Amino acid sequence: MSDTTHHIVPYRTYALILLLLLVLTSTSVAVTQIELTRWATIVALLLASTKSAIVLAIFMHLKFDQTVYKVMAIFVVLVITAVIILTFLDYGFR
Amino acid sequence: MSSNTTDNTGYKSYLEEDGGRKGIFKWILSTDHKRIGLLYLYAMMLWFCVGVVLGLLMKLELIAPGKTLMEAQAYNATFTVHGVIMIFLIVIPGLPAVFGNFMLPIQIGAKDVAFPRLNLFSWYIYILGGILVIISLFGNGPPDTGWTFYAPYSFKTGTNMLPAALGAFVLGFSSILTGLNFIVTIHRMRAPGMTWFKMPLFPWTLYGTAWIQLLATPIIGITLLMVAGERILGIGFFDPAKGGDPLLYQHLFWIYSHPAVYIMILPAMGAISEIIPTFAKKTIFGYKAIVFSTLAIAFVGYFVWGHHMYTSGMSGAALWAFSLLTFIVAIPSAIKVFNWISTMHQGSISTEIPFLWAASFIFIFMIGGLTGLVLGSLAIDVHVHDTAFVVAHFHFIVFGGVGFAFFGAIHYWFSKIFGRKYDPSWAKTGWIIFFIGFVTLYGPMFYLGIKGMPRRYFDYLEEFHGPNIISTLGAMVMVAGFLIILVNLIKSARHGEKTTEMNPWGGTNLEWQVPTPPPLENFDEIPVIDKATYKYD
Ligand code: HEM
Ligand SMILES: [Cu+2]
């Protein structure tokens, strides 16, 4: 789009992010070995959200975008969070 | 002819503009938002006729206890295919795909949607989804799970579940892409001067709907893929034998499908908000209240899905939360009703056909909405869940709401779209017969449900016989009314009296300021908006 400034992210950053994502993925696999009982879902969700936040911000350039897009994306994340919390009002209290 | 009529010499309407293509290619290769809107209209009309026939077959089966027309299995397949067609192929694309496509760019002063080719592509996806639904009818027999595809039955049934679920999956993409297109169009392509609060209400409701299409639809996509994984690979998401949870399916399904009912109803409310001020010749009452209630419905609508699961064995904490939220979501809907009524109050109302549809919409919609509240209260729902009462509720609101608004909209914008007039006396006859048939068909089902007649059975106890006869007779009357309306519209679109009158109803939005029918890119010059719409002198 013409009204956004083009931002060039160096390859090194991309490589580092990729590495970080791989580490996080391995972590989420690794934690399944620990018996976390009811915290298991929360930990899995936190790790997954961190990963998607990084992808959105860097790979999808949200970090360098106009505020309106940031607001939209954050709003969407909040809606989904609320949906998940509501779902666990069922699973957490059965 | 009114003073608004212009001499149309030297302009070519979108219907005459064929892009150098011939025959059907004028349509299926055109990226003009108006032609695409009509492509959806024609496809949906065909599907609707199929759905109506299936509905009538069910009612004929239910005219007497025991087998009259078909066995249990055939009945199960009939209500499933009826539901899949009506929900996924008709009311979800519904008003956005037809009137949204046709009117949105015009109403906001744009030449087309933001991504015209993506728009045409969405229509092709829609057709592909429809083909998959047709495929599901053959082979092992049509699916028999109900349109809700509930697990665990949906991954156990031997019928052709997969193609139908895949069809719904594919149709979802059409919906998502249309939503995306509309969001970008509304954000980026409003005419200069058209601030958010100068935008007409129909685009506003399309905007709310578009966000739901974009955010909620992926959830059903993934859910249906999970069912496919269950059927093909036996993964066990929903299978208690493998540690899965069937209720997870219900959660995921309704996390989409409740917001989806707002995909259906919001644009319908938008169309009603256009029709009422035009025929009351009065500024819409509480424009901002309608805008904010639209956004509130779209937002709160995400958080009420659990009201479809009251009797499923969900936790007590979830039960009261969902019931509370369900009552809250009714408030913005009620606000809209008050606004429409207040708009009519002391207006100079002319009871033309579109107004009749709009007024009867309000009546029917209120019955649907208020019975929704009945269902939303926990204790009562235990009694009427999965009875004919629920069927009556959602037909009043989905068919009565979306259907009446759709018919209202097509009678409202007909001459603008086709450049021809329909026969008003046939239109009125069709409307009154349809209305009477509708109430006679679905009204008794409230009673039957309260008395305990379950839904989704081909048979019932003798004590339910009387009201079922009335209901089936109502169905016949309603179908007769529908045929009158349909024949009148088709005949008029092809051979009706030609008209170039720009503004037959005295509307104030931009669509009444472009020629009838509009030219290819709607405007020679993009208008500059300097005042709010809905101002009548
Ligand atoms: C005033 C707002 C509304 C309330 C409080 C409400 C409440 C409910 C409740 C509690 C149920 C579940 C009943 C049961 O299964 O026991 C239900 C079913 C249903 N509602 Fe509504 N509703 C409202 C508006 C709508 C609207 C606007 C639509 C669609 C445009 C709609 C479409 C449906 C459908 C399709 C079902 C049945 C789905 C199925 O089981 O096959 N409702 N409603
Ligand atoms: Cu619902």
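Just to be sure I understand, how many residues within the range B:205-228 are surrounded by 20 or more Cβ atoms within 10 Å (Cβ to Cβ) and over 15 Å from A:I80 (Cβ atoms)?
Going through the range B:205-228 one residue at a time, the tally reaches 9.
Would you be able to tell me the number of residues in the range B:229-279 that are among the basic types (K, R) and either open to solvent by less than 10 Å² (accessible area, probe 1.4 Å) or in contact (Cβ under 8 Å) with a residue 24 or more places away in the chain (or both)? Reasoning before the result, please.
From the range B:229-279, those among the basic types (K, R) are B:231, B:242; that's our starting set.
With either open to solvent by less than 10 Å² (accessible area, probe 1.4 Å) or in contact (Cβ under 8 Å) with a residue 24 or more places away in the chain (or both) added as a condition, the list becomes B:231.
The number of residues fulfilling the criteria is 1.
Scan the range B:322-342 and give yes if some residue there is aromatic (F, W, Y), more than 13 Å from chain A (Cβ to nearest Cβ) and closer than 30 Å to B:F169 by Cα, otherwise no. Step through it out loud before you land on a result.
If we filter the range B:322-342 for residues that are aromatic (F, W, Y), which is where we start, we get B:322, B:327, B:338, B:340.
Now drop any that are not more than 13 Å from chain A (Cβ to nearest Cβ), which leaves B:327, B:338, B:340.
Restricting the remaining residues to those that are closer than 30 Å to B:F169 by Cα gives none.
No; the residues of the range B:322-342 include none that is aromatic (F, W, Y), more than 13 Å from chain A (Cβ to nearest Cβ) and closer than 30 Å to B:F169 by Cα.
Considering the range B:263-301 alone, what residues qualify as being out of contact with any Ser or Thr (no Cβ under 8 Å at 6 or more places or on another chain) and on the phi > 0 side of the Ramachandran plot?
Matches in the range B:263-301: none.
Looking at B:A168, is it modelled with pLDDT under 95 and crowded, with 22+ Cβ neighbours inside 10 Å? Spell out the reasoning first.
Numbers: modelled with pLDDT under 95: no; crowded, with 22+ Cβ neighbours inside 10 Å: yes.
No: the conditions fail for B:A168.
Could you list all residues from the range B:307-326 that are within 11 Å of ligand 1 (Cβ to nearest atom) and farther than 11 Å from B:L378 by Cα? Please lay out each step first, then the result.
First, the residues of the range B:307-326 that are within 11 Å of ligand 1 (Cβ to nearest atom): B:307-312, B:322-323, B:325-326.
Matches in the range B:307-326: B:S312, B:L325.
Taking the range B:290-316 only, how many residues are of a type outside the set (A, V, I, L, M, F, W, C) and farther than 25 Å from B:Y150 by Cβ? Quick ask: steps written out before the conclusion?
Residues of the range B:290-316 of a type outside the set (A, V, I, L, M, F, W, C): B:293-294, B:301-302, B:306-308, B:310-313, B:315-316.
Those still in the list that are farther than 25 Å from B:Y150 by Cβ too: B:293-294.
Looking only at that region, the number is 2.
Taking the stated definitions as given, is B:F279 more than 25 Å from A:F88 (Cβ to Cβ), touching a Phe, Trp or Tyr at 6+ places or on another chain (Cβ under 8 Å) and more than 16 Å from ligand 2 (Cβ to nearest atom)? If you could, list the steps in order and put the result at the bottom.
On the way: more than 25 Å from A:F88 (Cβ to Cβ): yes; touching a Phe, Trp or Tyr at 6+ places or on another chain (Cβ under 8 Å): yes; more than 16 Å from ligand 2 (Cβ to nearest atom): yes.
Considered against the rule, which asks whether it is more than 25 Å from A:F88 (Cβ to Cβ), touching a Phe, Trp or Tyr at 6+ places or on another chain (Cβ under 8 Å) and more than 16 Å from ligand 2 (Cβ to nearest atom), B:F279 comes out as yes.
What number of residues in the range B:452-485 are touching a strand residue (DSSP E or B) at 6+ places or on another chain (Cβ under 9 Å) and closer than 29 Å to B:L46 by Cα?
Selection size over the range B:452-485: 1.
Can you tell me which of B:F79, B:F99 is open to solvent by less than 10 Å² (accessible area, probe 1.4 Å) and more than 22 Å from B:I222 (Cβ to Cβ)? Reasoning before the result, please.
On the way: B:F79 fails: open to solvent by less than 10 Å² (accessible area, probe 1.4 Å).
Selected residue: B:F99, the only one of B:F79, B:F99 that is open to solvent by less than 10 Å² (accessible area, probe 1.4 Å) and more than 22 Å from B:I222 (Cβ to Cβ).
Is the range B:85-96 home to any residue that is free of Cβ contacts under 8 Å to residues at least 24 places away in the same chain and crowded, with 16+ Cβ neighbours inside 10 Å?
No, the range B:85-96 contains no residue that is free of Cβ contacts under 8 Å to residues at least 24 places away in the same chain and crowded, with 16+ Cβ neighbours inside 10 Å.
Select from the range B:297-313 the residues that are in a loop (DSSP other than H, G, I, E, B) and either surrounded by fewer than 21 Cβ atoms within 10 Å (Cβ to Cβ) or within 10 Å of ligand 2 (Cβ to nearest atom) (or both) and list them in ascending order. Please lay out each step first, then the result.
Initial filter on the range B:297-313 (in a loop (DSSP other than H, G, I, E, B)): B:304, B:309-313.
Within the range B:297-313, B:V304, B:M309, B:T311, B:S312, B:G313 qualify.
Of all residues in the range A:79-92 being at the interface with another protein chain (Cβ under 8 Å from one of its Cβ atoms) and of a type outside the set (A, V, I, L, M, F, W, C), which is least open to solvent (accessible area, probe 1.4 Å)?
By that ranking, first place goes to A:D90.
I'd like the full set of residues that are within 16 Å of ligand 2 (Cβ to nearest atom), over 15 Å from the mean Cα position of the chain (by Cα) and under 15 Å from B:G443 (Cα atoms), limited to the range B:357-373. If you could, list the steps in order and put the result at the bottom.
To start, the set of residues in the range B:357-373 that are within 16 Å of ligand 2 (Cβ to nearest atom) comprises B:365, B:368-373.
Then drop every residue that is not over 15 Å from the mean Cα position of the chain (by Cα), which leaves B:369-373.
Listed by number, the residues that qualify are B:G369, B:L370, B:T371, B:G372.
From the list B:I272, B:I220, which residue is within 16 Å of ligand 1 (Cβ to nearest atom), modelled with pLDDT of 95 or more and within 14 Å of chain A (Cβ to nearest Cβ)?
B:I220
So B:G316 ticks every box in (1) more than 14 Å from chain A (Cβ to nearest Cβ); (2) away from ligand 2 (no atom under 11 Å from the Cβ) but one. Which box is left unticked?
(1)
A quick yes/no check of all residues on (1) closer than 20 Å to B:L214 by Cβ; (2) open to solvent by less than 90 Å² (accessible area, probe 1.4 Å); (3) in a helix (DSSP H, G or I); (4) out of contact with any helix residue (DSSP H, G or I) (no Cβ under 6 Å at 6 or more places or on another chain):
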site: A:R12; (1), (2), (3), (4): no, no, yes, yes
site: A:L20; (1), (2), (3), (4): no, yes, yes, yes
site: A:T25; (1), (2), (3), (4): no, yes, yes, yes
site: A:A30; (1), (2), (3), (4): no, yes, yes, yes
site: A:T41; (1), (2), (3), (4): no, yes, yes, yes
site: A:V77; (1), (2), (3), (4): yes, yes, yes, yes
site: A:R94; (1), (2), (3), (4): no, no, no, yes
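Go through (1) crowded, with 16+ Cβ neighbours inside 10 Å; (2) closer than 30 Å to B:W426 by Cα one by one and return the number of the condition B:V487 breaks.
Status for B:V487: all satisfied but (1).
With within 14 Å of chain A (Cβ to nearest Cβ) and either charged (D, E, K, R) or in contact with a His (Cβ under 6 Å, 6 or more places away or on another chain) (or both) as the only criterion, which of B:W254, B:W211 stands out? Give the steps one after another, and end with the answer.
On the way: B:W211 fails: either charged (D, E, K, R) or in contact with a His (Cβ under 6 Å, 6 or more places away or on another chain) (or both).
Result of the check over B:W254, B:W211: B:W254.
Got a sec? Which of B:D381, B:D386 is in contact with a strand residue (DSSP E or B) (Cβ under 8 Å, 6 or more places away or on another chain) and within 15 Å of ligand 2 (Cβ to nearest atom)? Break it down into steps so the answer makes sense when it comes.
Working: B:D381 fails: in contact with a strand residue (DSSP E or B) (Cβ under 8 Å, 6 or more places away or on another chain).
That would be B:D386, the only listed residue that is in contact with a strand residue (DSSP E or B) (Cβ under 8 Å, 6 or more places away or on another chain) and within 15 Å of ligand 2 (Cβ to nearest atom).
Would you pick out the residues in the range B:145-163 that are closer than 16 Å to B:D239 by Cα and outside any loop (DSSP other than H, G, I, E, B)?
Those that are closer than 16 Å to B:D239 by Cα and outside any loop (DSSP other than H, G, I, E, B): B:Y153, B:S154, B:F155, B:K156.
Does the range B:66-87 contain any residue that is within 19 Å of B:F404 (Cα to Cα) and aromatic (F, W, Y)?
no
Of A:T50, A:T27, which residue is modelled with pLDDT of 90 or more and within 12 Å of the chain's Cα centre (by Cα)? Quick ask: steps written out before the conclusion?
Numbers: A:T27 fails: within 12 Å of the chain's Cα centre (by Cα).
The unique qualifying residue is A:T50.
Looking at the range B:109-133, which of its residues are over 22 Å from the mean Cα position of the chain (by Cα) and open to solvent by less than 20 Å² (accessible area, probe 1.4 Å)?
Let us first name the residues in the range B:109-133 that are over 22 Å from the mean Cα position of the chain (by Cα), namely B:109-112, B:114-117.
Listed by number, the residues that qualify are B:G109, B:A110.
Quick one: A:A73 ticks every box in (1) over 22 Å from A:V9 (Cβ atoms); (2) surrounded by 14 or more Cβ atoms within 10 Å (Cβ to Cβ); (3) within 14 Å of chain B (Cβ to nearest Cβ); (4) modelled with pLDDT under 95 bar one, so which box is it?
Result: A:A73 fails condition (1) only.
The values are calculated or read from the model by the stated rules, or taken from the named source; none is laboratory data. These numbers come from a predicted model, not from an experiment. For neighbour counting, all protein chains shown are included, and Cβ atoms are generated from backbone atoms with ideal geometry for every residue, glycine included. For accessibility, only protein heavy atoms count, side chains too; no ligands or nucleic acids. Shrake-Rupley method; radii C 1.70, N 1.55, O 1.52, S 1.80 Å.
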